[in-house]
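This report refers to the structure that appears directly beneath it.
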Amino acid sequence: MVAVAVGRGLPIQTRSLFNSKSIYRASPAGRVSWLGHSAAATPRHRKTCVAAQQRPTWLPGLDPPPYLDGTLAGDFGFDPLGLGEDPDTLRWYVQAELVHSRFAMLGVLGILVTDLLRVTGVSKIPVWFEAGAVKYDLANTQTLFIVQLLLMGFAETKRYMDFVSPGSQAKEGSFFGLEASLEGLEPGYPGGPLLNPLGLAKDIKNAHDSKLKEIKNGRLAMVAMVGFFVQASVTHVGPIENLVEHLSNPWHKTIIQTIANSSS
């Protein structure tokens, strides 16, 4: 019949279904207005109402699953397949998304910078999707692959061991005496002067805003990487060249015309 609002000194809008007249009045502390009557609201109900109003979700009005309670950075209740129902699985997915986000951000930065240098003629760097086939004077392809495999394998193994046993990789003797330079803040946030030289977010438990910014930018970067893959497959040029071509004729050089021409 009517809208209900809870709170101290908040304006209450009472809207009848039988007419469009709205009445605003201040609510007493801890009271709920319903059909012109007042009833006491318990602290638990007030807390639930406020939390429901303040919790952003990926789809407004959607109740998030109970295991996504908003405590994780970037948690907007999105899990339509129920992949995070198991707590241990959810912990692993959180770390996997974090690592993929960081790789994607580095990849987007590298692709855009090298493509910009190539398009402007500053350097003869190959386009990003052909860079892996280029022969380097430094070493042959097999040697570079083996070195990368060893270095990345070592780093990923250490990361996994810290995930399984948090803080174990900061113990003395676990990293050639360099543990102080890689002091772990918590899994996924190693910190230390090597990986946190500016000393940002030293209190990692209360760095929710920094974590949120990182995961948001990481998700955007992952979407951008998908766009780069599709662009490379359809146009066979880099993103900067695609942007320049679009700006040269914005009304006729669009994704629709490009896909239509590629399929014909």
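The values are calculated or read from the model by the stated rules, or taken from the named source; none is laboratory data. These numbers come from a predicted model, not from an experiment. Methodologically, a virtual Cβ is constructed for each residue, glycine included, from the backbone with ideal geometry; neighbour enumeration extends over all protein chains shown. We work out accessible area using only protein heavy atoms, side chains counted, and drop any ligands, DNA or RNA first. Shrake-Rupley method; radii C 1.70, N 1.55, O 1.52, S 1.80 Å.
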Those residues of segment 188-207 which are modelled with pLDDT under 80 and surrounded by 12 or more Cβ atoms within 10 Å (Cβ to Cβ) amount to 190, 191, 192, 193, 194, 195, 196, 201, 204
Flagged pairs (Cβ under 9 angstrom, 6 or more apart or on separate chains; first in segment 128-149, under 26 Å from residue 240 (Cβ atoms) and charged (D, E, K, R); second open to solvent by less than 100 Å² (accessible area, probe 1.4 Å) and in a helix (DSSP H, G or I)) are 135/141
When restricted to 84, 77, the only residue modelled with pLDDT of 50 or more and in contact with a Ser or Thr (Cβ under 8 Å, 6 or more places away or on another chain) is 77
Against the condition part of a helix (DSSP H, G or I), at pLDDT 80 or above and touching a Pro at 6+ places or on another chain (Cβ under 9 Å), how does residue 129 come out, does it pass? no
Only one of 233, 210, 248 is surrounded by 13 or more Cβ atoms within 10 Å (Cβ to Cβ), at pLDDT 85 or above and among the small types (Gly, Ala, Ser), namely 210
ask   = Hey, any hits in segment 88-105 for a residue that's at pLDDT 90 or above and in a loop (DSSP other than H, G, I, E, B)?
value = no
